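> Quick one: this structure, given as structure tokens, is what I'll be asking you about.
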Amino acid sequence: MSSLGEHIDKLVKKKVEDSGSGAGALIAAIRLLNRGIVRWALRVLTKEVEFNGERKPLMEWVLAKYAGESQCPTVAHFVAPFFEMGMKLATAWLHADEEPIKQLLSDPAIRRGIVTTLRGIALFGVTTPQKLPPAPPFFIVWNFTNACNLRCIHCYQNAGKPLPNELTLDEKLRVVKELDEAGVPAIALSGGEPTVHRDFWPVLAR
Ligand code: SF4
């Protein structure tokens, strides 16, 4: 393993020395992603794996491990070192710093968004705009409540008091669970003014 590590270090150094402009590196990265073998690997890496009753694409587990989380399935522990080597190469090639990337990947919504994009690349290659797989929406804006403590004259929501048929806390938590299980990367809570509702914090915590 140490000779492999040394080989990678040498390769990284050479790539840094050889690399020209950032645009050149980006074009090379796009070409690489469009290769059949890379797309096949992405298809394998985005297959779902279950761990502790939670089903997620393997790549999502690997990204979580790369970001510093230790709880992940065995197969992710096996794949992660190769991913880390790849990231080391890629960041050196693109003149990027790994630490901010790891911080970014500590957000599960960002991990899920990346994996959805990788699934799109696996299926369609790199496209402009990027085609995504048949999947749940990337981002959902949820009008969480009609309650609002303001009275803006431009309000199109006619917000003020909660509506009589708003969801109960249990129903809201179920919505979050179902959206999570469906693979939605991000939810924005809107309204009304969601922060004045007593269910805001329990839902946010979930
Ligand atoms: S919902 Fe938004 S726009 Fe409407 S009154 Fe409240 S803060 Fe103003």
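The values are calculated or read from the model by the stated rules, or taken from the named source; none is laboratory data. None of the values given here were measured: they were computed from a predicted structure. Using ideal geometry, Cβ is built from the backbone for each residue, glycine included, and neighbour counts are taken over all protein chains shown.
> Could you give every pair whose Cβ atoms fall below 6 Å, whose first residue belongs to region 151-180 and is touching a residue at least 12 places away in the same chain (Cβ under 8 Å) and within 16 Å of Glu193 (Cα to Cα), and whose second residue is of a type in the set (A, V, I, L, M, F, W, C) and within 14 Å of the ligand (Cβ to nearest atom), counting only separations of at least 6 or pairs across chains?
So the pair list comes out as Ala159/Cys148; Gly160/Cys148; Pro162/Ala147.
> Now for a separate question. Of everything in region 194-206, what is under 27 Å from the mean Cα position of the chain (by Cα) and within 10 Å of the ligand (Cβ to nearest atom)? Give them in sequence order. Break it down into steps so the answer makes sense when it comes.
We begin by selecting, within region 194-206, every residue under 27 Å from the mean Cα position of the chain (by Cα); these are 194-195, 199-206.
Answer for region 194-206, where residues must be under 27 Å from the mean Cα position of the chain (by Cα) and within 10 Å of the ligand (Cβ to nearest atom): just Pro194.
Residue-by-condition table, conditions (1) assigned to a helix (DSSP H, G or I); (2) under 9 Å from the mean Cα position of the chain (by Cα); (3) of a type in the set (D, E, K, R); (4) in the same structural domain as Ile187 (by TED's automatic domain parsing):
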position: Phe82; (1), (2), (3), (4): yes, no, no, no
position: Leu104; (1), (2), (3), (4): yes, no, no, no
position: Ala109; (1), (2), (3), (4): yes, yes, no, no
position: Arg112; (1), (2), (3), (4): yes, yes, yes, no
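> Okay, moving on. Can you tell me which condition Glu171 does not meet? The list is (1) part of a helix (DSSP H, G or I); (2) at pLDDT below 95, and all the others hold.
(2)
> Quick check, is Leu63 closer than 20 Å to Asn34 by Cα, part of a helix (DSSP H, G or I) and in contact (Cβ under 8 Å) with a residue 24 or more places away in the chain? First the steps, then the outcome.
On the way: closer than 20 Å to Asn34 by Cα: no; part of a helix (DSSP H, G or I): yes; in contact (Cβ under 8 Å) with a residue 24 or more places away in the chain: yes.
No; evaluated as a whole, the condition is false for this residue.
> Hey, another quick one. Kindly indicate whether Gln130 is in a loop (DSSP other than H, G, I, E, B), closer than 30 Å to Arg31 by Cα and polar (S, T, N, Q).
When the stated conditions are applied, Gln130 passes them.
> Looking only at region 123-182, filter to residues that are more than 20 Å from the chain's Cα centre (by Cα) and acidic (Asp, Glu); which one of those is farthest from the ligand (Cβ to nearest atom)?
Filtering region 123-182 for residues more than 20 Å from the chain's Cα centre (by Cα) gives 143-174.
In the following step, the residues that additionally are acidic (Asp, Glu) were identified as 166, 170-171.
Working: Glu166: 14, Asp170: 25, Glu171: 21 Å.
By that ranking, first place goes to Asp170.
> Give me the pairs: first residue in region 93-113 and touching a residue at least 12 places away in the same chain (Cβ under 8 Å), second residue polar (S, T, N, Q) and outside any helix (DSSP H, G or I), beta-carbon distance under 9 Å, and six or more apart or on different chains, which are they?
Trp93/Ser19; Leu94/Ser19; His95/Ser19
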